[in-house]
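Every number in this text was worked out from the coordinates using simple rules, so none of it is lab data. Keep in mind that this is a model prediction, so the values were computed, not measured.
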Amino acid sequence: MLLLDSSLYAPASPLFLSALEESGSPYSFFDESIYTAPLTKSFVHKVARRLLGGRPLTAGALNRDFVRRCREFCPDVVLIVKGSHLQAEMLVEVKRITGATIVNYATDDPFNVVNSNPDMLACISHYDLYVCTKKAIMPDVLRSGAKQACFVPFGYHPAVHFPELPATSQERARFCCDVAFIGGADTDRMDLVKDLAKIPTLKVNLYGGGWDRFSELRACARGFAYGRDYRLAVSGAKVVIGLVRRANRDGHAMRTFEIPACRGFMLAERTQEHLEFFQEGKHCECFASASELIEKVMHYVDHAEERDRVALAGYKAVVAGRHTYADRLRQIMSAV
């Protein structure tokens, strides 16, 4: 197998690399971050991407090197995680020279203009299998020419997501709080988060990009949390909010499995997928409105025994439920 993914958010990504390493099967890893890292640092690269309709300045090199790697390794399966900057003609070339089964693991909705571009849409019909992490996008994927589509959820990394408590007074001061949310400052999340931050008795920690842009949330912004910091952010909070991206047509998110795997108490949006994975009131708690969110936050912040019971049950359900990315890779290969 040849895997294309990004190490930009290590150790949480690449999603399937550790599973391939442990499998003992031959593989090659093509790291997209070598080409996309300038987009996070260089103003010139950011402007050029806008002018080029979503293509980075490094797109040509990325595609050429990817085809070259496929030619050299000659995989039987090519697994592409999202593949934001691949071009359709390159997928055609890979198919011609290797005969490989080409699979996309779509971590985002390719029809959401915020997360997509014309190249991503043009590539859909060239995948032999389009693996969706959102059930809602599957009809559109098939209408766009995908040969097959299936649903495989997100998962968690056992080596990254596990229970770990803040160990020092400095860590406790930094990470311990009543409520935490880990994720970007999306517009559709803003009202919920601001409602929580207004409650004077609650200490709210917000991890992710953009929160410090808002004056009323700046005091809650804690920057990014990766690796050990992620575990401490979850375990240091009494309640961890699990939100989905509506614009992305999410029914669940990466946090859906990562929070319970860290033995955090998860209060998640009540979606059909969340209710399929977990029993509400036993493995997690759910909400469907701002008032229900606040009501449950206030209850569980003051009821440690109930909170700990749910968090433990959620942890056991995830660990025993075959939700690792190694499990997800087996699901994908079974579909292949």
Which of the three applies to region 252-306, rounded, prolate or oblate, going by the alpha-carbon gyration tensor with a ≥ b ≥ c and a/c under 1.5 meaning rounded? oblate
Can you compute log10 of I(q)/I(0) for region 169-320 with the Debye formula, treating each Cα as one identical point scatterer, at q = 0.11, 0.15, 0.17, 0.20 Å⁻¹? -0.37, -0.71, -0.94, -1.36
Among Thr133, Thr201, Thr107, the residue with the largest mean-square fluctuation in a Gaussian network model of the chain built from Cα contacts under 10 Å is Thr201
Solution diffusion estimate, µm²/s, Stokes-Einstein, region 76-135, Kirkwood Rh from C-alpha pairs, 37 °C, viscosity 0.692 mPa s: 283
To the nearest 10 degrees, the tilt of helix 187-197 (Cα long axis) against the first principal axis of the alpha carbons of the chain is 20
Taking only the alpha-carbon atoms of the chain, the convex hull volume per residue, in cubic angstrom, is 135
Against the longest principal axis of the chain, how steep is helix 88-98, in degrees 0 to 90 to the nearest 10, with axes from Cα atoms? 70
Run the count for the chain, please: Lys pairs, Cα-Cα under 19 angstrom, 8 or more apart or on different chains. 19
How far is helix 59-73 tilted off the main Cα axis of the chain, in degrees rounded to 10, range 0 to 90? 70
Tell me, how many Å apart are the Cα centres for region 247-280 and for region 186-217? 20
Rounded to whole Å, sorted largest first: equivalent-ellipsoid semi-axes of region 2-151, Cα gyration tensor: 22, 20, 16
